[in-house]
Structure formats: C-alpha cells, structure tokens
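Visitor: Below is a structure I'd like to ask you about.
The values are calculated or read from the model by the stated rules, or taken from the named source; none is laboratory data. Bear in mind that the values here come from a model prediction, so they are computed numbers and not experimental data. Every residue, glycine among them, receives a Cβ derived from its backbone with ideal geometry; neighbour counts consider all protein chains shown. For the accessible areas, the whole protein counts, side chains as well, though only heavy atoms, and no ligand, DNA or RNA atoms are used. Shrake-Rupley method; radii C 1.70, N 1.55, O 1.52, S 1.80 Å.
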Amino acid sequence: GQERLLVTARDITERKLAEQTLHKLSEAVEQSANAILITDVDGNIEYVNPKFTELTGYPLAEVLGKNPRVLHSGEHPAEFYEHMWQTIKSGKVWQGEFHNRRKDGSLYWEDTTIVPIFDPAGEITNFIANKEDITLQRALETAEREQRQLAEALLDTVTALNGTLKLDEVLDRILENL
C-alpha cells in the first residue's frame, strides 16, 4: 500500500475580517456615550446598551420585548408618536426630542435619531434609536431665557424710573414687570 494524504485548505481571512469588524461595531455600541436602543419592526425592544440603562434606570432584562413607551412622560400628544412611526415605517430617518420618564419617575430630555434597518430584500427588519441626553442643555436654555426676561423687565423698570418720579407709577410698573 501506498499512503495518501488529503489536505483541505479553506481561506477564512474574509470571515475573520468580518468577525473583527462585527466585534468593533459591537464594542462601539456598548461603549457609546449615547443611549442605543434596537427594536424589531413592531417596536419591541431587542437590545439596549449600558448608557441606556444609566440614562433611564432600566436594564435590558426589564425592557426586553417591551415597547419604548415605558419611557413616555405623557407630555407628547398622540400625533407626535404617529408622525414618528409614519416616518420610520416608510423607511425614512426620524429626528426629534423626547421628554421622557426614567424608572425612578424623574423626567429627562433626549435628542433622538431613529434609523430603519433593511434586509437584503429591502424590507425593514429593525429600528435603531440613538439617544443623547440633553436635559442639562434644556435646563441651561430655560435659565438663560428666564435671565433674559428678567433683564428686559429690569430695563423697562429703569426706563420707567427715568421717565417719572411719581412713586405710584413706578410701583405699578415694577408690579407689572414682575
């Protein structure tokens, strides 16, 4: 007998590169500074990253299979959500701001972009929401607006003081501005 050796070789370079890319993308989502939420086409949550849990107080185990409406504050009208769903179900990207409620009941603002994900046949399979906490920005904008209104009221009061020396008119103007 003659001995024979059969060697089969398969180039797995492409698969290894795909695995490395998938690993990088997975780490990017896990380490993202923004909350990331992935749902199926019906809006049932399939994945949330650690930043989502940090922002909302909800770990994946508590929201898995649930709809993101668990976060609703009740402050947006139904039409707001209808428009969002019409946009993403039609395959378009939706961007807007939500005033949502954390697990502990506290409210927060988030700037959200929702992107539909398509399979090779062009059918929507998932939605990915990228959520940035803008609570502090909104609070600063509100404080700035209030300070501007106060400055305008003070300017009006000073103008009234310069225009008259009648105490009752000045007091009326001050009360009006307050």
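Visitor: For the stretch 47-121, which whole percent of the accessible surface, found with a 1.4 angstrom probe, sits on carbon and sulfur atoms?
Guide: Looking at the stretch 47-121 in its full context, I get 57 percent from C and S.
Visitor: Treating only the Cβ of Lys, Arg, Asp and Glu as charged (+1, +1, -1, -1), what charge dipole size does the stretch 47-137 show about its Cα centre? Round to the nearest 20 debye.
Guide: Roughly 200 debye for the stretch 47-137.
Visitor: Counting only the heavy atoms of the protein chains, how much of Glu176 is accessible to a 1.4 Å probe, in Å² to the nearest 10?
Guide: 140 Å²
Visitor: Here's a follow-up. Among the lysines, select those whose C-alpha is under 19 Å from the C-alpha of Lys66, and discard any that sit fewer than 8 residues away in the same chain.
Guide: In chain and number order, the partners are Lys51, Lys89, Lys103, Lys131.
Visitor: From the protein chains alone at 1.4 Å, what is the descending order of accessible area for Thr13, Thr142, largest first?
Guide: Highest to lowest solvent-accessible surface, that is Thr13, Thr142.
Visitor: Find the accessible area per residue for the stretch 30-125; the probe is 1.4 Å, ligands and nucleic acids are left out, and the unit is Å².
Guide: Accessible area per residue, the stretch 30-125: 54 Å².
Visitor: Taking loop as defined by DSSP and a crowding limit of 15 other beta carbons within 10 Å, which GluC sites (Glu not before Pro) in the stretch 17-69 fit? Walk me through the intermediate numbers first.
Guide: Values: sites: Glu19, Glu27, Glu30, Glu46, Glu54, Glu62; in loops: none.
Passing sites in the stretch 17-69 do not exist.
Visitor: Let me ask you something else. Leaving out ligands, DNA and RNA but keeping every protein chain, what accessible area does Asp168 have, in Å² rounded to the nearest 10, with a 1.4 Å probe?
Guide: Accessible surface of Asp168 is approximately 100 Å².
Visitor: Also, quick follow-up: Just one of [x] -0.59, -0.67, -0.99; [y] -0.73, -0.79, -1.10; [z] -0.60, -0.70, -1.13 is log10 I(q)/I(0) by the Debye sum over Cα atoms at q = 0.12, 0.13, 0.17 Å⁻¹ as worked out from the coordinates here. Which one is it?
Guide: This structure yields the entry labelled [y].
Visitor: Charges on Cβ only, +1 for Lys and Arg, -1 for Asp and Glu, centred on the Cα centroid of the chain; of His23, Thr53, Asn100, which one is farthest towards the dipole's positive end?
Guide: In the chain, that residue is His23.
Visitor: Gain in length, Arg148 to Glu97, computed as 0.36 nm per residue apart minus the alpha-carbon separation, to one decimal in nm? Walk me through the intermediate numbers first.
Guide: Numbers: separation 51, 0.36 × 51 = 18.36 nm, distance 2.39 nm.
Going from the current span to full extension adds 16.0 nm.
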